[in-house]
Amino acid sequence: MYPYCDKTKNIINMIGSGDAAYVPKAITCAIKALDAIAANEQLDNTTREDAAFAAANLVLSDYNDND
């Protein structure tokens, strides 16, 4: 498994245990979160660029959250 940060691991555990909601359209959720990070002018430019790059790649990928 990828070495996720502690905050991400905690949320994974919460979703797995049923203590947090699972989002069935997870890729759309991720794109929206990454876009919000990219738009946040309080963050450093490198973080914003990384988020925008990741969001753009997901948008252009073959994902389909319509099912």
(request) Quick one: what are the phi-derived ³J(HN,Hα) couplings along the stretch 30-38, Karplus 6.51/-1.76/1.60 with θ = phi - 60°, whole Hz, x for glycine and proline? (result) 5, 4, 5, 5, 5, 5, 5, 5, 4
(message) Can you compute the modelled spin-label distance between Val59 and Ile12, with each label point 7 Å from Cα toward Cβ, in nm?
(response) 2.8
(message) What are the ³J(HN,Hα) couplings of the stretch 45-54, residue after residue, when phi is run through the Karplus curve with 6.51, -1.76, 1.60 and θ = phi - 60°? Round to Hz, x for glycine and proline.
(response) 5, 4, 4, 5, 5, 4, 5, 5, 5, 5
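Taking R0 as 22 Å, what FRET efficiency do you get between Tyr2 and Thr46 from their Cβ-Cβ distance, rounded to the nearest 0.05? Provide the component values of the computation, followed by the final result.
Numbers: r = 20 Å, r/R0 = 0.93.
E(calc), rounded to 0.05, equals 0.60.
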(request) With Cα Rg over 2.2 N^0.38 Å in mind, check [x] 2.36; [y] 1.75; [z] 1.25 and report the label derived from this structure. (result) [z]
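Every number here is computed from the coordinates shown, using simple stated rules; none is lab data. Every value quoted in this text rests on a predicted model; they were computed, and no experiment measured them. Glycine gets a Cβ as well: all are built from the backbone with ideal geometry, and neighbour counts include every protein chain shown.
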